Amino acid sequence: MKIAVGSDHAGLSLKKEVLKHLQAKGIEFEDFGTYAEASCDYPDFAEKVAEEVVSRRFDFGILVCGTGIGISIAANKVPGVRAALCSDTFSAHACREHNDANILALGARIVGVGIALDIVDSFLGAKFEGDRHQKRIDKISQIEKKYNK
Ligand code: RB5
């Protein structure tokens, strides 16, 4: 499993914890920035990680900003991305099981490190259940196609 990771300045320190966690678990990853604490714009990192995921060079993405809101909104503009902002472990596994989410977004100003790492584990440990959920994902894709003419 390969994970593309990105954050803005507000998400940098939580992202570093996520990277350490992935490393400790032996999960392959690449950090697409930001690498410094200087103020920067979350859409730049959302777009990079989103492109890596939809191209299938990476299996999943993890994005972190202050709230997780801006970076998830930006990632969801890339067709094929289903980014889920999670602050609890139930949502983290449900978004994989029901929504086939391919990017997890975290808010560094919202969740502490402990819960954030549990959320990462719940997300990566869950599997899409397909079946009735697939037709709903197909409907999401149809909406994307309709508005991306
Ligand atoms: C940066 O200050 C902050 O606005 C950003 O990290 C994020 O929370 C936006 O949604």
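So what's the net charge close to S13: Lys and Arg +1, Asp and Glu -1, counting the other residues with Cβ under 12 Å from its Cβ?
Within the 12 Å Cβ shell, the charges total +1.
Is any residue of region 73-100 close enough, with backbone N under 20 Å, to a label point placed 7 angstrom from the Cα of K135 along the Cα-Cβ axis, and if so, which?
What the label zone holds, given the 20 Å backbone N cut-off, is 97-100.
Compute the long axis of helix 132-147 from its Cα atoms, compare it with the longest principal axis of the Cα atoms of the chain, and write down the angle in degrees, 0 to 90, nearest 10.
Its long axis makes an angle of about 90 degrees.
For the chain, what is the charge dipole size about the Cα centre, in debye to the nearest 20, if Lys and Arg each add +1 at the Cβ and Asp and Glu each add -1 at the Cβ?
540
When each pair of different Cα atoms in region 20-102 is counted once in the 1/r mean, what is the Kirkwood radius in angstroms, to one decimal?
After inverting the mean inverse Cα-Cα distance, the result is 13.5 Å.
Of the listed pairs K20/K77; K77/K139; K16/K139; K20/K145, which have alpha-carbon separations greater than 27 Å here?
Over 27 Å Cα-Cα: K20/K77; K16/K139; K20/K145.
Using a Gaussian network for the chain with springs between C-alpha atoms less than 10 Å apart, which of these wobbles most: S87, S122, S39?
In the Gaussian network model the winner is S39.
Where does helix 12-24 land angle-wise versus the long Cα axis of the chain, in degrees 0 to 90, nearest 10?
Around 80 degrees separate the two axes.
Treating the angle as unsigned and between 0 and 90°, give the value, to the nearest 10°, between the Cα long axis of helix 113-125 and the longest Cα principal axis of the chain.
Helix 113-125 sits at roughly 30 degrees to that axis.
Neighbouring Cβ atoms within 10 Å as the yardstick, rank K77, K146 fewest first.
Placing the least packed residue first, the sequence is K146, K77.
For a quick check, take a GNM of the chain with Cα springs below 10 Å and name the residue from G66, G80, G130 with the largest mean-square fluctuation.
Top of the fluctuation ranking is G130.
Ranking L106, L12 by Cβ neighbours within 10 Å, fewest first, what do you get?
Going from sparsest to densest Cβ surroundings: L12, L106.
Compare C65, C40, C95 in a GNM of the chain, Cα atoms joined below 10 Å, and give the one with the largest fluctuation.
Judging by the Gaussian network model, the answer is C40.
Counting each DSSP H run of 4 or more residues in the chain as -39500 (n - 2.57), what helix-only mean residue ellipticity at 222 nm follows after dividing by all residues, to the nearest 500 deg cm²/dmol?
Using -39500 (n - 2.57) per qualifying helix, the result is -14500 deg cm²/dmol.
Would you mind ranking E97, E28, E47 by Cβ crowding within 10 Å, fewest neighbours first?
Least to most surrounded, the residues fall as E28, E97, E47.
Throw me the Rg/Rh for the chain, computed over C-alpha atoms with Kirkwood Rh, two decimals.
Answer for the chain: 0.95.
A short reminder: the numbers here are calculations on the coordinates, not readings from a lab. Because the structure is predicted, anything quoted here is derived from the model rather than measured. Note that we place each Cβ from the backbone using ideal geometry, even for glycine, and neighbour counts take in every protein chain shown.
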